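Undergrad: This is the structure I want to talk about, given as structure tokens.
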Amino acid sequence: MNLILLGPPGAGKGTQAEQIAAKHGIVQLSTGEMLRAAVKAGTEVGLKAKAIMESGGLVSDDIVVGIISERIDEADCANGFILDGFPRTLPQAAALEKLLDSKGKTLDAVIELKVDDEALIERITGRFSCSKCGAGYHDKYKKPAKDGVCDKCGSTEFTRRADDNEETVRNRLMAYYRETAPLIGYYFAKDRHQSVDGMAPIDEVTKQIEAILS
Ligand code: AMP
């Protein structure tokens with residue numbers, strides 16, 4: 001099963017992709033995560049992407065299409081994958097279609113997480129994660145049970161994404177509405193688009209996605 005989760009930054013794509021991937025034994029492919037790893041490793045791609053990501057803009061289509069094309073050839077993607085944060089532009093969607101065709105793969109679902117704009121900034125600027133195990137938290141909605149201590153691994157070190165500050169978030173939202181939102185119409189026209197209520201509690205959103213997948 002191969003699917004796309006669509007939605008603005010902060011819609012919960014990563015959270016849902018993680019749940020669905022674990023349940024179905026498929027792989028979560030987040031271009032954002034892959035790019036952050038490249039930046040951290042100081043690779044050529046990372047060097048090209050760093051400043052763009054820090055400003056909240058979009059990395060070039062060639063780079064992200066190249067990353068995804070290579071990644072879905074890996075053995076762990078044979079069962080299927082969830083694209084989280086890709087495609088993000090119409091040319092990326094067209095390139096994805098071509099590359100899936102050429103690899104004999106199909107797209108089974110495109111699911112949009114619908115959220116209220118006003119909720120997004122607060123959702124993003126409040127989030128942080130455990131530096132050791134990656135568990136996600138939020139200043140308001142999901143604090144660790146014991147202040148300053150990770151519920152999952154007990155670590156006391158936490159990090160915030162460099163691009164989760166308000167100014168960059170506004171640029172990321174702008175990029176979403178300018179470049180990515182047209183994909184909703186694109187997949188609707190292809191009779192592929194379905195949506196769930198991204199404002200519902202996390203487990204409820206997962207249930208809605210599961211209902212579509214079944
Ligand atoms: P994300 O983790 O999905 O919020 O992505 C973080 C940042 O990585 C974005 O703000 C972009 O700068 C970059 N990025 C991730 N995926 C893509 C993509 N498909 N196309 C272009 N830029 C991307």
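The values are calculated or read from the model by the stated rules, or taken from the named source; none is laboratory data. Because the structure is a prediction, the values reported are computed rather than measured. Note that we place each Cβ from the backbone using ideal geometry, even for glycine, and neighbour counts take in every protein chain shown. Accessible surface is based on the protein model in full, side chains and every heavy atom, while ligands, DNA and RNA are left aside. Shrake-Rupley method; radii C 1.70, N 1.55, O 1.52, S 1.80 Å.
Undergrad: Which residues, taken from region 163-200, are more than 17 Å from residue 5 (Cβ to Cβ) and open to solvent by 80 Å² or more (accessible area, probe 1.4 Å)?
TA: Within region 163-200, 166, 167, 170, 174, 177, 178, 189, 191 qualify.
Undergrad: Now a separate question. Of all residues in region 117-144, which are open to solvent by 50 Å² or more (accessible area, probe 1.4 Å) and either part of a strand (DSSP E or B) or aliphatic (A, V, I, L, M) (or both)?
TA: Across region 117-144, the qualifying residues are 127, 142.
Undergrad: List every residue pair whose Cβ atoms sit under 6 Å apart, with the two residues 6 or more apart in sequence or on different chains, where the first one lies in region 72-100 and is of a type in the set (Val, Ile, Thr) and the second, anywhere, is more than 15 Å from the ligand (Cβ to nearest atom) and outside any loop (DSSP other than H, G, I, E, B).
TA: Filtered contacts from region 72-100: 82/3; 82/20; 82/21.
Undergrad: Search region 51-74 for residues being in a helix (DSSP H, G or I) and closer than 22 Å to residue 173 by Cβ, and hand back the single one that is least open to solvent (accessible area, probe 1.4 Å).
TA: Top of the filtered list is 64.
Undergrad: Can you name the number of the only condition in (1) in a loop (DSSP other than H, G, I, E, B); (2) in contact (Cβ under 8 Å) with a residue 40 or more places away in the chain that residue 209 fails?
TA: (1)
Undergrad: From the residues in region 14-29 that are within 11 Å of the ligand (Cβ to nearest atom) and outside any strand (DSSP E or B), which one is nearest to residue 82 (Cα to Cα)?
TA: Going through the qualifying residues, I end up with 17.
Undergrad: Restricting the search to region 30-50, which residues are open to solvent by 60 Å² or more (accessible area, probe 1.4 Å), near the ligand (Cβ under 10 Å from one of its atoms) and more than 14 Å from the chain's Cα centre (by Cα)?
TA: Of everything in region 30-50, just one residue is open to solvent by 60 Å² or more (accessible area, probe 1.4 Å), near the ligand (Cβ under 10 Å from one of its atoms) and more than 14 Å from the chain's Cα centre (by Cα), namely 50.
Undergrad: Has region 100-116 got at least one residue that is within 12 Å of the ligand (Cβ to nearest atom), at pLDDT 95 or above and either open to solvent by 50 Å² or more (accessible area, probe 1.4 Å) or closer than 22 Å to residue 177 by Cβ (or both)?
TA: Within region 100-116 (the criterion being within 12 Å of the ligand (Cβ to nearest atom), at pLDDT 95 or above and either open to solvent by 50 Å² or more (accessible area, probe 1.4 Å) or closer than 22 Å to residue 177 by Cβ (or both)), the answer is no, since none of the residues qualifies.
Undergrad: With 187, 137 as the choices, which residue is more than 20 Å from residue 35 (Cα to Cα), in contact (Cβ under 8 Å) with a residue 40 or more places away in the chain and out of contact with any helix residue (DSSP H, G or I) (no Cβ under 6 Å at 6 or more places or on another chain)?
TA: 187
Undergrad: Does at least one position in region 75-94 carry a residue that is closer than 23 Å to residue 177 by Cα, out of contact with any Gly (no Cβ under 7 Å at 6 or more places or on another chain), open to solvent by less than 30 Å² (accessible area, probe 1.4 Å) and assigned to a helix (DSSP H, G or I)?
TA: yes
Undergrad: Just give me the residues in region 145-165 being in a loop (DSSP other than H, G, I, E, B), charged (D, E, K, R) and more than 16 Å from residue 122 (Cα to Cα), in sequence order.
TA: 147, 151, 152, 157
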